[in-house]
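The structure appears below as structure tokens.
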Amino acid sequence: FEPDVTKSLAVAYLESGRGIDAASEFEKVAARPTETREVRRAALWQAAELYEKSKSMVPAASAFAAYVQQYPQPFDAAMDARQRLADIAESNHDTRLRQRWLQEIVLADQAAGAARNDRSRYLAARATLVLVEPEVASFNSIRLAVPLAKSLKAKRAAMERVLSAYGKALDYQVAEVTTAATFGMAEAYRQLGSDLLASERPKDLDADAREQYDVLLEEQA
């Protein structure tokens, strides 16, 4: 009797626009071991969506995270749940958590085998593009100062990490990601050239030596 009451309550709340109350009842259905796996799975997904629709992001994230843990199959739904979690983290300005879920998207796509498809590749490609951002920020933050050889070595090493990360994004062969990654690679080269021209000059150069130094920098750039 009780399971039917819970389901009826969930439907009644849903029909009357009480999304959060309906979500809570659907969570109860999802937690009931006497229900079939498919009923529990569908109930948990509906609870997560209702919380999200009601702007209750903490329980929404909790429900989507539980969904990913409990129902890695079907693959497409689990991938969408990971993307929802990344989006919720972004809306909460939680960069670290967003990075974690984006990395999960990439890893899940890589491990999917025959289940891998255009949708999962698209999500993974977009995630890879976002995951480049900390490397780009690190590269941009390195100031070219005297002694130039030392700071330039660090700058170039950071640039190689950026190019490698963009290269992974290119491997997915998703048009919009390819465009953005190619632009990002070009921008890294442009930034290195610009930073070289703006780099700190040694203080002990006379006018002629300074001119020669500037010419060498322009050639490097």
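When the scattering of region 78-135 is computed by the Debye formula from its Cα atoms alone, each counted once and equally, what is log10 I(q)/I(0) at q = 0.17, 0.19 Å⁻¹? Per q value, in the given order, log10 I(q)/I(0) is -0.48, -0.59. In square nanometres, what is the average projected area of the Cα convex hull of region 64-170? That works out to 7.6 nm², a quarter of the Cα hull's surface.
About its Cα centre, the chain has a charge dipole of approximately 520 debye under the convention of +1 per Lys or Arg Cβ and -1 per Asp or Glu Cβ, with nothing else charged.
Taking label points 7 Å from Cα along the Cα-to-Cβ direction, residue 15 and residue 34 give a separation of 2.3 nm. Rolling a 1.4 angstrom probe over region 104-202 with all protein chains present gives an accessible area of which 56% lies on carbon and sulfur atoms. Segment residue 94..residue 153, full-extension length gain: 18.0 nm, with 0.36 nm per residue of separation and the alpha-carbon distance subtracted. The share of Cα pairs per 10 Å bin across region 146-221, counted from zero up to the longest distance, runs 18, 38, 24, 14, 5, 1 percent.
Between residue 145 and residue 216, full extension at 0.36 nm per residue minus the direct alpha carbon distance yields a gain of 24.0 nm. Entry note, the chain: the mean residue ellipticity at 222 nm calculated from DSSP H runs of n ≥ 4, each adding -39500 (n - 2.57), is -26000 deg cm²/dmol after division by the residues and rounding to the nearest 500.
Listed by chain and number, the aspartates and glutamates placed with their C-alpha closer than 17 angstrom to that of residue 53 are 15, 21, 25, 27, 80, 87, 90; residues fewer than eight positions away on the same chain are left out. Counting only protein heavy atoms and using a 1.4 Å probe, the accessible area of residue 208 comes to about 110 Å².
Magnitude of the charge dipole for region 155-221, about its Cα centre and with charges confined to Cβ atoms of Lys, Arg (+1) and Asp, Glu (-1), is about 380 debye. Sorted into 10 angstrom bins from 0, the C-alpha pair distances of region 20-95 split as 22, 53, 23, 2 percent. With K and R counted +1 and D and E -1, the other residues having a Cβ less than 14 Å from that of residue 145 yield a net charge of +4.
A probe of 1.4 angstrom, applied to the heavy atoms of all protein chains, finds residue 178 with accessible area near 40 square angstrom. A straight chain from residue 164 to residue 55 at 0.36 nm per residue would run longer than the Cα-Cα distance by 35.5 nm. About its Cα centre, region 98-208 has a charge dipole of approximately 300 debye under the convention of +1 per Lys or Arg Cβ and -1 per Asp or Glu Cβ, with nothing else charged. Of the three principal axes defined by the Cα atoms of the chain, the extents in descending order read 94, 34, 24 Å.
Placing a pseudo-label 7 Å from each Cα along the Cα-to-Cβ vector at residue 107 and residue 209 gives an inter-label distance of 5.3 nm.
The values are calculated or read from the model by the stated rules, or taken from the named source; none is laboratory data. Computed from a predicted structure; not experimentally measured. Virtual Cβ from ideal backbone geometry, glycine too; neighbours counted across all protein chains shown. All accessible areas refer to the heavy atoms of the entire protein, side chains included, with ligands and DNA or RNA removed. Shrake-Rupley method; radii C 1.70, N 1.55, O 1.52, S 1.80 Å.
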